[in-house]
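Scroll down for the structure; my scribbles are underneath it.
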Amino acid sequence: MSTATLDKQEPKDATGSAAVELITATFRIRRFNPEVSAEASWEDFQVEIDPKERVLDALHKIKWELDGTLTFRRSCAHGICGSDAMRINGRNRLACKTLIKDISPEKPITVEAIKGMTVLKDLVVDMEPFFQAYRDVMPFLITSGNEPTRERLQTAEDRERFDDTTKCILCAACTSSCPVFWNDGQYFGPAAIVNAHRFIFDSRDEGGEQRLEILNDKDGVWRCRTTFNCTDACPRGIEVTKAIQEVKRALITRRF
Amino acid sequence: MATTESSSVELTGSSAGYGVDNPAPVIEPPRARTARTPKSTRTNFELYGWLFMRLSGIVLVVLVIGHLLIQLVLDGGVSKIGFAFVAGRWASPFWMAWDLIMLWLAMLHGANGLRTIINDYAERDGTRFWLKMLLWTATVFTILLGTLVIFTFDPNIR
């Protein structure tokens, strides 16, 4: 039932070399519907799918052809909106960037909501605490003085300084992989620190002191245990733990 | 493209009686952040605590490994330890200082580590408070008792 088999395609004519080999993959999805039951439970779906397709395609197939009640978020479906972060085979990933062939489809593929947040239905979680932490680090340009008449200039080196942390898409894969955040939602979490880092190290910004003061708090960067879960989880390849360490270093060098 | 469905779990919680007008309660994570979350405390306590862990850790590596070598490995190993051995070492201010620094650093290092673990794992504020009170009481008691013994040790006690 859960073993994947390469389905033989009907013999095509000589030009059918591009024939797609479908496999039967089992998707074990963590379902929760508060309007039906207070308990969450695993439900298996078997789909025949091209292993070069993505997990999101399989979820679409399930929702459109098997069970329309399956609920999940996705917007752009191309890895830039950050809507479909979920826990696939025990790791936080974007469903739209995870190919089925890469996650051993011969075994059941588990799909569940990201951890550390309130599950509202199936794979949809309440992102409000996550965005509250994001808002709390003031993720916007703070300047003083008159507005320049043209753009604010910056050298290529100054831009390079915070380039890595500009890539964040706020998908919450890092924050919801952090064991400190699982246990205590008061911790800002990696994503908020990454977005503070993006402005702290921006030469055009003048609010760095305020943001450092916010992250110097007891729920700030000092709660990071450098477990590197966030760096492993980031679908954009941001070196999240390194960014957190750089904020720590900035706090220490500011002090001493 | 035939698809087969095999749902091993039926989602019919008929016994619970939950419905559209009566949804089940969702499970909130512990201590979620809201707009009312206390704002910055504006102290450097956590910064100093973090720095202390790193610096005391480096010093403790030397102190503790030296201590273990002297006590357990060199010169006959553990069998040599007795009242006379301790009295002989504590006759020297150097070993008194060694043991005193090791006691203070190890106790504060361990207590601060446990404090962060309590902060991580205690969900309710009350649990958090009482676990920390227990921790600080035990730490202060051990540090004071050890310091007292090192300074008031009498080799002629009978």
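Of all residues in region A:88-116, which are closer than 15 Å to A:Arg30 by Cβ and without any contact (Cβ under 8 Å) to a residue 60 or more places away in the chain?
A:Ile88, A:Asn89, A:Gly90, A:Ala95
Quick one: in region B:109-132, of everything that is open to solvent by less than 90 Å² (accessible area, probe 1.4 Å) and over 25 Å from B:Leu55 (Cα atoms), which residue is nearest to the chain's Cα centre (by Cα)?
Going through the qualifying residues, I end up with B:Leu131.
Return the only residue of A:Ala191, A:Ala172 being within 29 Å of B:Arg115 (Cα to Cα), touching a residue at least 60 places away in the same chain (Cβ under 8 Å), under 20 Å from the mean Cα position of the chain (by Cα) and assigned to a helix (DSSP H, G or I).
Values: A:Ala172 fails: assigned to a helix (DSSP H, G or I).
Answer to the selection: A:Ala191.
Which ones in region A:155-189 are under 27 Å from A:Ala113 (Cβ atoms) and open to solvent by 50 Å² or more (accessible area, probe 1.4 Å)? If you could, list the steps in order and put the result at the bottom.
Just the residues of region A:155-189 that are under 27 Å from A:Ala113 (Cβ atoms), to begin with: A:165, A:167-189.
If the condition is that a residue be under 27 Å from A:Ala113 (Cβ atoms) and open to solvent by 50 Å² or more (accessible area, probe 1.4 Å), then A:Lys167, A:Trp182 are the ones that fit.
Checking the condition open to solvent by 20 Å² or more (accessible area, probe 1.4 Å), outside any helix (DSSP H, G or I) and over 23 Å from A:Thr118 (Cα atoms), which residue from A:Arg152, A:Arg198 passes? Can you show your working first?
Details: A:Arg198 fails: outside any helix (DSSP H, G or I).
Unique residue meeting the criteria: A:Arg152.
Do you know which of the residues in region A:126-149 that are hydrophobic (A, V, I, L, M, F, W, C) and open to solvent by 70 Å² or more (accessible area, probe 1.4 Å) is nearest to the other protein chains (Cβ to nearest Cβ)? Explain how you work it out, then say what you get.
Filtering region A:126-149 down to residues hydrophobic (A, V, I, L, M, F, W, C) leaves A:127, A:130-131, A:133, A:137-138, A:140-142.
So of that shortlist, the ones also open to solvent by 70 Å² or more (accessible area, probe 1.4 Å) come out as A:140-141.
Values: A:Phe140: 17, A:Leu141: 21 Å.
Restricting to residues being hydrophobic (A, V, I, L, M, F, W, C) and open to solvent by 70 Å² or more (accessible area, probe 1.4 Å), the top hit is A:Phe140.
Looking only at region A:92-115, count every residue that is open to solvent by 20 Å² or more (accessible area, probe 1.4 Å) and touching a helix residue (DSSP H, G or I) at 6+ places or on another chain (Cβ under 7 Å) and tell me the total. Please lay out each step first, then the result.
Taking region A:92-115 as the starting set, the residues that turn out to be open to solvent by 20 Å² or more (accessible area, probe 1.4 Å) are A:93, A:97, A:99, A:101-102, A:104, A:106-108, A:110, A:112, A:115.
Going one step further and asking which of them are touching a helix residue (DSSP H, G or I) at 6+ places or on another chain (Cβ under 7 Å), we end up with A:115.
Number of matching residues: 1.
Among the listed residues B:Ala106, B:Ala91, identify the single one that is under 22 Å from B:Ile150 (Cβ atoms), among the aliphatic types (A, V, I, L, M) and open to solvent by less than 60 Å² (accessible area, probe 1.4 Å).
Numbers: B:Ala91 fails: open to solvent by less than 60 Å² (accessible area, probe 1.4 Å).
On inspection, the qualifying residue turns out to be B:Ala106.
Being among the aliphatic types (A, V, I, L, M) and more than 14 Å from the chain's Cα centre (by Cα): is that true of A:Leu120 here?
Working: among the aliphatic types (A, V, I, L, M): yes; more than 14 Å from the chain's Cα centre (by Cα): yes.
Taking the combined requirement at face value, the residue satisfies it.
Do we find a residue being modelled with pLDDT of 90 or more and surrounded by fewer than 13 Cβ atoms within 10 Å (Cβ to Cβ) anywhere in region B:70-84?
Within region B:70-84 (the criterion being modelled with pLDDT of 90 or more and surrounded by fewer than 13 Cβ atoms within 10 Å (Cβ to Cβ)), the answer is no, since none of the residues qualifies.
Restricting the search to region A:99-120, which residues are at negative phi and either part of a strand (DSSP E or B) or of a type in the set (Gly, Ala, Ser) (or both)?
As a first pass, look at region A:99-120 and keep what is at negative phi: A:99-103, A:105-115, A:117-120.
Hits for region A:99-120 are A:Leu99, A:Ile109, A:Thr110, A:Val111, A:Glu112, A:Ala113, A:Val119, A:Leu120.
Can you name the condition, by its number, that B:Ala24 falls short on among (1) at pLDDT below 90; (2) surrounded by 14 or more Cβ atoms within 10 Å (Cβ to Cβ); (3) over 30 Å from A:Ala38 (Cβ atoms)?
Every listed condition holds for B:Ala24 apart from (3).
Identify, please: which residue in region A:19-48 is over 24 Å from the mean Cα position of the chain (by Cα) and more than 9 Å from chain B (Cβ to nearest Cβ) and is, among those, least open to solvent (accessible area, probe 1.4 Å)?
A:Ile23
The values are calculated or read from the model by the stated rules, or taken from the named source; none is laboratory data. Remember, predicted model here, so these are calculated numbers, not experimental data. Cβ sites come from the backbone with ideal geometry, for glycine too, and all protein chains shown count toward neighbours. These area figures cover heavy atoms from the full protein model, side chains too; ligands, DNA and RNA do not enter into them. Shrake-Rupley method; radii C 1.70, N 1.55, O 1.52, S 1.80 Å.
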